[in-house]
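A short write-up of the structure that comes next.
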Amino acid sequence: MNPEILRALAEPTRLRIVELLRNGPITVGEIASKLQIRQPQASKHLKVLNEAQIVDVDSVANRRFYKLRSQSLQEMDYWLSTFRSLWKNQYDELDEYLTQFQNQRSREE
């Protein structure tokens, strides 16, 4: 996985931008307004997201619409999926322990 993806998403404002873009393409102005930041700040964050290949930009007349790139998010999802089996095993072990604990307490009562 491209470590730039995680680096870019580690900044809270950029993560909030990605969450906004989940609903579809929007302009820099709309992002700035919804996050209550100045447009140059929004543009700076979008540049980082673009360089990390998390967003794409489409120009329509004099407006720039930003949208999520599914490929980068799929890459991150695949990377995270390699850890899911570890989590599942730990949850299964916890479930087994709790069941044994409850059974033992029931016998003691």
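The values are calculated or read from the model by the stated rules, or taken from the named source; none is laboratory data. All of these numbers come straight from a predicted model, not from anything done at the bench. In this analysis, Cβ positions are derived from the backbone assuming ideal geometry, glycine residues included, and neighbour counts consider all displayed protein chains.
Residue under question is residue 35, and the condition is that it be within 23 Å of residue 1 (Cα to Cα) and of a type in the set (A, V, I, L, M); does it hold? So residue 35 does not fit the description; no. Can you name the residue in the range 58-74 that is surrounded by 15 or more Cβ atoms within 10 Å (Cβ to Cβ) and modelled with pLDDT of 90 or more and, of all such residues, is farthest from residue 42 (Cα to Cα)? Of everything passing the filter in the range 58-74, 69 is farthest from residue 42 (Cα to Cα).
Please go through the range 85-109 and pick out each residue that is within 30 Å of residue 2 (Cα to Cα) and surrounded by 10 or more Cβ atoms within 10 Å (Cβ to Cβ). Steps first, answer last, please.
First, pick out the residues of the range 85-109 that are within 30 Å of residue 2 (Cα to Cα): 85-91.
If the condition is that a residue be within 30 Å of residue 2 (Cα to Cα) and surrounded by 10 or more Cβ atoms within 10 Å (Cβ to Cβ), then 87, 88, 89, 90, 91 are the ones that fit.
Restricting the first member to the range 76-98 and to residues that are assigned to a helix (DSSP H, G or I), and the second to residues that are surrounded by 10 or more Cβ atoms within 10 Å (Cβ to Cβ) and among the hydrophobic types (A, V, I, L, M, F, W, C), the beta-carbon pairs closer than 7 Å and six or more apart or on different chains are 76/1; 76/5; 79/1. When residues in the range 15-37 are screened for being in a helix (DSSP H, G or I), closer than 18 Å to residue 74 by Cα and charged (D, E, K, R), 1 of them pass.
Of the residues screened, residue 22 is not one that is surrounded by 11 or more Cβ atoms within 10 Å (Cβ to Cβ), modelled with pLDDT of 90 or more and of a type in the set (D, E, K, R).
Check whether at least one residue in the range 38-49 is assigned to a helix (DSSP H, G or I) and farther than 18 Å from residue 20 by Cβ, and report yes or no.
We begin by selecting, within the range 38-49, every residue assigned to a helix (DSSP H, G or I); these are 39-49.
Imposing the further condition that a residue be farther than 18 Å from residue 20 by Cβ reduces the set to none.
No, that holds for no residue.
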